[in-house]
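Have a look at the structure below before the remarks.
The values are calculated or read from the model by the stated rules, or taken from the named source; none is laboratory data. Remember, it's a predicted structure, so these values are computed and weren't measured experimentally. Reconstructed Cβ throughout: ideal geometry from the backbone, glycine too, with neighbour counts over all protein chains shown. What goes into the accessible areas is simple: the full protein's heavy atoms, side chains included, and nothing from ligands, DNA or RNA. Shrake-Rupley method; radii C 1.70, N 1.55, O 1.52, S 1.80 Å.
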Amino acid sequence: MELFFNPFDNLLCILLGISFTVWFTLLLVFIIVPAIFGVSFGIRRLYMKTLLKIFEVRAPIIAREPTSLEEEIKEIRRSGSNKDLDSASEFEMSDIFYFARRGVESIMDDEVTKRFSAEELESWNLLTRSNNNFHYISLRLTVLWWLGLLIRYGILLPLRVTLAFTGVSLLVFLTSLIGLLQNGRMKNVLSEKVHLMCYRICVRALTAIITYHDSENKPKNGGICVANHTSPIDVIILASDGCYAMVGQIHGGLMGVIQRSMVKACPHIWFERSEVKDRHLVAKRLSNHVQDKSKLPILIFPEGTCINNTSVMMFKKGSFDIGATVYPVAIKYDPRFGDAFWNSSKFGMVSYLLRMMSSWAIVCSVWYLPPMSREEGEDAVQFANRVKSAIARKGGLVDLLWDGGLKRDKVKDTFKEEQQKLYSKMLVGTQEDRSRS
Amino acid sequence: MGSSRSSLRGVPDGQQLLQETGFSAALLLRLHQRFQFLDKDSRGHLRSEDLEAELSENPIGDRIVGAFFQPGQETVDFPSFVRVLAHFRPTEKNWTRDGVQPEPANSRNRKLKFAFQLYDQDRDGKISRTELLQVLREMLGLQVTEEQLQSIAERAIQEADLDRDDAICFDEFRKSLEKVDIDHKMSVRFLE
């Protein structure tokens, strides 16, 4: 027997044991405990700054001044004419400068966003995980790239998967436990704490660095929280800062297990697949929920499909019909750190999550907008559009008017149309203006 | 931004373009990288499709793309690419015409010429009524009626056409834009 147990093996076992313990302790102290208490050591932000420094994130070539078409054209004209501009919005030969300049800017610097394929960035930005036009520039960058790959897949990914696993199992376990309690204040308080804690662990599992703005506008009970949708991660991002009642279809598998245990602790709204088609049923359940002021605000993504975080598609009107106060939220991911967009026709959920977890980080900003209610004489669609515009403006996203259902066809004309509309409005006004004069 | 001469090694006609266009070496390098990015198949030149992809949302996108290609040519190499972009550099304030140096691409006159050629697609030196209508249709799309388009074009020609030949030649064009701050509006501000 002694032939097998030489002292080297023993030493190895001890070392492994120690490193595992150390590893786990570090994990606990620096990640899980802060998650439980909702505090932050600021490690993730430091990490983000370091990343930016290492990769020398390339600044854009052009200084963009965000002026609107109208402002600019008026400015061009003002410099060239003595006429009183506001009364004579006629075509000037100089108007073409605006379009020419914008066009050349687009050629020189890629800040023109493309709707459905992932936002393309300056190709030398190694922060993004996949570099479609990876040309060999210098040895240093190539080495960095491979090193980065190693770190991401060898160190970060296992760490994150561990965390995710911890977070999810804690969620399932604890919410089931809480489900055993009597309904009452204690249960609600505990449920809130547990949900928050587990979502925070998941946030760390993704190394998501989130900045929340205007938290005074956070959604309150009896309201509906409405946000633009880029990826399933949106849920985690919002739910780690506040408690919501989720709405969705019951899935099978792991997702279903999570859903079923969550609903034991607090009333989420899950629908069977068959019920989803029945709009009235959906509306009824939603409105029953919001009328009960003791229940958490509902979290809804009205777009219904993931958009690539550069635009906000037409909001489906269902949630705006219920008559509850709407709390709009804008979520914008920082594209420098990798692309959070989930193209569900290209990737499955699991491969998407793996992609996310092997990126450097996910950096995003969340803006809580002031609550909005439907006004007199406004129908659900107009209300929905108003909310959508507010979200788009705040998040710096482009407010587009077509249905996300067109995701599979490339429709690029509409943005051009928007410009044409704006310009024609300047020149010939709208129908009402013309009939008035 | 480091030793400019050596880093321009990979850039075709790098030194010559430096002098011709007035771009800094650093900027030239980045434009080259941008060119390579647009050149998706690494051919060493761009075709109109490569540029059109970037301009799909611009109402006059096709015209702008056309400005990069010489008549009859289907490809544009890097030096030609940069020479066109040079038109959009901000004008140097203290450049004076001395007749010896060639006029830089970003002079007021050259910028005006560039804009003029956006209108004058058949390059006959005049912007005809038809050409004007075409541009207007592109910029306004389907948002205006044919009559509105005609009246806009009519008014524009009346204002600018001084010799009453129902077309706007380059001098008339320049005159009508006398007071416009071309430099500011036809320039792209670069981050150096």
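Suppose the filter is touching a helix residue (DSSP H, G or I) at 6+ places or on another chain (Cβ under 9 Å), charged (D, E, K, R), touching a residue at least 40 places away in the same chain (Cβ under 8 Å) and surrounded by fewer than 20 Cβ atoms within 10 Å (Cβ to Cβ); does residue A:220 pass it?
Against the criterion (touching a helix residue (DSSP H, G or I) at 6+ places or on another chain (Cβ under 9 Å), charged (D, E, K, R), touching a residue at least 40 places away in the same chain (Cβ under 8 Å) and surrounded by fewer than 20 Cβ atoms within 10 Å (Cβ to Cβ)), residue A:220 does not qualify.
Residue count for the stretch B:144-162 satisfying the condition of being buried (at least 17 other Cβ atoms within 10 Å of the Cβ) and facing another protein chain (nearest Cβ under 7 Å): 4.
Matching residues to (1) within 10 Å of the chain's Cα centre (by Cα); (2) modelled with pLDDT of 85 or more:
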{"residue": "B:48", "(1), (2)": "no, yes"}
{"residue": "B:53", "(1), (2)": "no, no"}
{"residue": "B:57", "(1), (2)": "no, no"}
{"residue": "B:62", "(1), (2)": "no, yes"}
{"residue": "B:68", "(1), (2)": "yes, yes"}
{"residue": "B:86", "(1), (2)": "yes, yes"}
{"residue": "B:99", "(1), (2)": "no, no"}
{"residue": "B:103", "(1), (2)": "no, no"}
{"residue": "B:109", "(1), (2)": "no, yes"}
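Over 20 Å from the mean Cα position of the chain (by Cα), among the basic types (Lys, Arg) and either farther than 22 Å from residue B:58 by Cβ or not assigned by the TED database to the domain that holds residue B:28 (or both): is that true of residue B:174 in this structure? Spell out the reasoning first.
Numbers: over 20 Å from the mean Cα position of the chain (by Cα): no; among the basic types (Lys, Arg): yes; either farther than 22 Å from residue B:58 by Cβ or not assigned by the TED database to the domain that holds residue B:28 (or both): yes.
So residue B:174 fails the test.
Among the candidates B:112, B:136, which residue alone is free of Cβ contacts under 8 Å to residues at least 60 places away in the same chain and buried (at least 16 other Cβ atoms within 10 Å of the Cβ)? Break it down stepwise before answering.
Values: B:112 fails: free of Cβ contacts under 8 Å to residues at least 60 places away in the same chain.
Every option except B:136 fails the conditions.
Cβ separations smaller than 6 Å between residues 6+ apart or across chains give the following pairs from the stretch A:156-177 residues that are open to solvent by less than 40 Å² (accessible area, probe 1.4 Å) to residues that are of a type in the set (Lys, Arg): A:163/A:204; A:175/A:264; A:176/A:264.
Taken together, the residues in the stretch B:11-44 that are among the charged types (D, E, K, R) and open to solvent by less than 20 Å² (accessible area, probe 1.4 Å) amount to 2.
One residue stands out among those in the stretch B:165-192 that are of a type in the set (Gly, Ala, Ser) and not in a loop (DSSP other than H, G, I, E, B): the one that is nearest to the other protein chains (Cβ to nearest Cβ), which is B:176. In this structure, residue A:176 qualifies as over 17 Å from residue A:236 (Cβ atoms), touching a helix residue (DSSP H, G or I) at 6+ places or on another chain (Cβ under 6 Å) and modelled with pLDDT of 85 or more. Every listed requirement among (1) crowded, with 19+ Cβ neighbours inside 10 Å; (2) under 18 Å from the mean Cα position of the chain (by Cα); (3) within 11 Å of chain A (Cβ to nearest Cβ) is met by residue B:120 save one, (3). Apart from one condition, residue A:174 fits all of (1) out of contact with any Ser or Thr (no Cβ under 8 Å at 6 or more places or on another chain); (2) more than 17 Å from residue A:268 (Cα to Cα); (3) of a type in the set (A, V, I, L, M); the exception is (2).
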